[in-house]
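A quick write-up on the structure given underneath.
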Amino acid sequence: MSRIGFSTPHPAQLRRFGRVFYPAGQRLQKALAEYVNEPDRPDQLVILEHDPVFTLGRNATPADIHMSDDFLATQGVSVHRTDRGGEVTYHGPGQIVAYPICNLRGGREDVGRLVRGLEEAMIRTAADFGVVADRLKGAPGIWVETTRGPEKLGAIGLHLSRWISTHGIAFNVAPNLDHFKWITPCGFTDKGVCSLASLLGDAVPTWTEATDRLQTHLIEQLALELQPTRAPSRSVSALTWRRGAGGPEVLMMLRVPSHGLWWQSVTGMMEPGEEPEQTAHRELMEETGLTGTLRPLGLSHSFWVDSTIIHFPDPEPRFNTEICFSMEVAPEALVRLEPAEHSEYFWCGLAEAHDLTKWEGSKSAIRLLQAVLQA
């Protein structure tokens, strides 16, 4: 297969995740950019799916978002400023996001070739499913000519610092296209947005099927020679709550300084051979001395493990995938903290627990629990 992008093979590691919250994705990119900045380290190709989010590029203005902050909050859409090029765009479930974090020094100092390779990978992915997409002069990304005029199927926005690339592409498989109506996507008022789902209907591939094809084309077009990659560790969160006189109350525990010094509910790492449900019950007992009724929250997400909190014997970045549950315990149950992990605890309402919580996944778990309890 001919290459439009880079032609000289370069070592790389592929990291493919499911859901990654956008701020966690930004931390992930920063860590990998610092990693590949050192000589003789492999490039990183990261493929994932984000939660609903509008991202503002360097050329974007708040006027590019047409809805109020309060409205977006009720719809579960967050807004973030980024250092990539371009205006405002949308990421969300049903969209493939790929971040090629590459060190272009040493003979690959050609941003145009990188951009063309990324566009070509998306064009060939569309063709794999019978969709004709192409470039459009003056309009980065890939476009499909429809009866409504040109519509964008895949967006591109990069940031380059000392020849290290971050950010990348977003390819629409089956995202909620209505969300694009709430912004001026990529600064265009006279062009639309499409997806494989809007073009193919019931014949649309799954996110995984489309990702498999896009991944293959990205590796080909960027001339990546894949090296082994350490699999993410696995953990669970068990958002522990009880029925109080004034409504649901969440157990919040303060981690000891050596474990990060932040407030959280029950979490823990999965041990070899354990199922997630087993880990949740074990961690609840070990951390609090409680037993409870476990329910899945339907959320699994991945994130970079901060090496300043957990120290590792080598410099390769580590990642973790967390599966989220809720755990209801008896109102009268007594908490017995494990002092090696947590120094104090208290029970509070859902809103206070949300404000106290540090990480995006835990905040999302609280919102999911609230939605379940209000249903």
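Among (1) crowded, with 19+ Cβ neighbours inside 10 Å; (2) over 21 Å from PRO11 (Cβ atoms), where does GLY112 come up short?
Condition not satisfied by GLY112: (1).
Mind checking whether some residue in the range 249-262 is of a type in the set (A, V, I, L, M), under 30 Å from PHE129 (Cβ atoms) and in contact with a Phe, Trp or Tyr (Cβ under 9 Å, 6 or more places away or on another chain)?
no
Scan the range 186-229 residue by residue and report those that are part of a helix (DSSP H, G or I) and of a type in the set (D, E, K, R). Talk me through it step by step, then tell me what you get.
Taking the range 186-229 and keeping what is part of a helix (DSSP H, G or I), we get 196-203, 207-221.
Of everything in the range 186-229, those that are part of a helix (DSSP H, G or I) and of a type in the set (D, E, K, R) turn out to be ASP202, GLU209, ASP212, ARG213, GLU220.
Conditions tested, residue by residue: (1) among the aliphatic types (A, V, I, L, M); (2) closer than 23 Å to GLY18 by Cα; (3) out of contact with any Cys (no Cβ under 7 Å at 6 or more places or on another chain).
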| site | (1), (2), (3) |
| --- | --- |
| ASP64 | no, no, yes |
| MET67 | yes, no, yes |
| GLY107 | no, no, yes |
| LEU118 | yes, yes, yes |
| GLY130 | no, no, yes |
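Of all residues in the range 123-136, which are part of a strand (DSSP E or B) and at pLDDT 95 or above? Walk me through how you get there before you give the answer.
Within the range 123-136, the first condition is being part of a strand (DSSP E or B), and the residues that meet it are 134-136.
Selection gives ASP134, ARG135.
Just the residues that are among the hydroxyl-bearing types (Ser, Thr, Tyr), outside any strand (DSSP E or B) and at pLDDT 95 or above, please, taken from the range 230-267.
SER265
Mind counting the residues in the range 152-199 that are small (Gly, Ala, Ser), closer than 13 Å to GLY57 by Cα and touching a strand residue (DSSP E or B) at 6+ places or on another chain (Cβ under 7 Å)? I'd like the intermediate steps shown before the answer.
Within the range 152-199, the subset small (Gly, Ala, Ser) is 154-155, 157, 161, 165, 168, 170, 174, 187, 192, 195, 197-198.
Then keep just the ones that are closer than 13 Å to GLY57 by Cα; that gives 155, 157, 168, 187.
Checking the rest, the ones that are also touching a strand residue (DSSP E or B) at 6+ places or on another chain (Cβ under 7 Å) come to 155, 157, 168.
Adding up the residues that qualify gives 3.
Anything in the range 224-261 that is acidic (Asp, Glu) and crowded, with 20+ Cβ neighbours inside 10 Å? List them, or say none. Steps first, answer last, please.
Step one: of the range 224-261, the residues acidic (Asp, Glu) are 225, 249.
Selection gives GLU249 alone.
So which of SER258, SER265, SER237 is free of Cβ contacts under 8 Å to residues at least 40 places away in the same chain, over 30 Å from GLU119 (Cα atoms) and not hydrophobic (A, V, I, L, M, F, W, C)? Lay out the reasoning, then the answer.
Values: SER265 fails: free of Cβ contacts under 8 Å to residues at least 40 places away in the same chain; SER237 fails: free of Cβ contacts under 8 Å to residues at least 40 places away in the same chain.
Unique residue meeting the criteria: SER258.
Please verify whether LYS181 is within 24 Å of the chain's Cα centre (by Cα), farther than 29 Å from TYR35 by Cβ and surrounded by fewer than 18 Cβ atoms within 10 Å (Cβ to Cβ), treating the condition exactly as stated.
yes
Would a scan of the range 27-38 turn up a residue that is basic (Lys, Arg) and either buried (at least 18 other Cβ atoms within 10 Å of the Cβ) or in a loop (DSSP other than H, G, I, E, B) (or both)?
Residues of the range 27-38 basic (Lys, Arg): 27, 30.
Right, trim to either buried (at least 18 other Cβ atoms within 10 Å of the Cβ) or in a loop (DSSP other than H, G, I, E, B) (or both) and you get none.
Checked the range 27-38: no residue is basic (Lys, Arg) and either buried (at least 18 other Cβ atoms within 10 Å of the Cβ) or in a loop (DSSP other than H, G, I, E, B) (or both).
The values are calculated or read from the model by the stated rules, or taken from the named source; none is laboratory data. Keep in mind it's a predicted model, so treat the numbers as computed, not measured. Reconstructed Cβ throughout: ideal geometry from the backbone, glycine too, with neighbour counts over all protein chains shown.
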